[in-house]
């Protein structure tokens, strides 16, 4: 496991992640892991976990493999495709893992999985990031 204090500091300083309670757990050469504990504030109209929380968790995790934000690379999501497989309940700890499949000059392609603490797959998807500017 490779982590940098800078990656954790940068993730912890993002106001939206503070509001939602999403935290960076691991930042490696080809992957990143973030977690959130589902709270009442994350509920949708029906009392289940809002899909927007899961989408935000998935999208944000994609930016934290070490070659991206931790290395100073600026990027933007151009495509996020998620398959919601099962619901998450209030109180559950969710863990998102984004694996960097390709990192080129202009794009980065990632695969995303979100599981609960029992290892059940809740969300599976993919993302494409547009590389805007590399660290100098």
Restricting segment 119-136 to residues that are at pLDDT below 95 and in a loop (DSSP other than H, G, I, E, B), the residue that is farthest from the chain's Cα centre (by Cα): 136
message: Quick check on this structure: which one of 108, 96 is at pLDDT 95 or above, within 20 Å of residue 7 (Cβ to Cβ) and either touching a helix residue (DSSP H, G or I) at 6+ places or on another chain (Cβ under 6 Å) or surrounded by fewer than 21 Cβ atoms within 10 Å (Cβ to Cβ) (or both)?
response: 96
- prompt: Of the residues in segment 36-55, how many are crowded, with 19+ Cβ neighbours inside 10 Å and either in contact (Cβ under 8 Å) with a residue 40 or more places away in the chain or within 15 Å of residue 11 (Cβ to Cβ) (or both)?
  reply: 5
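The values are calculated or read from the model by the stated rules, or taken from the named source; none is laboratory data. These numbers were taken from a predicted model, which means no experiment stands behind them. Heads up, the Cβs are rebuilt from the backbone with ideal geometry, glycines too, and the neighbour counts pull from every protein chain shown.
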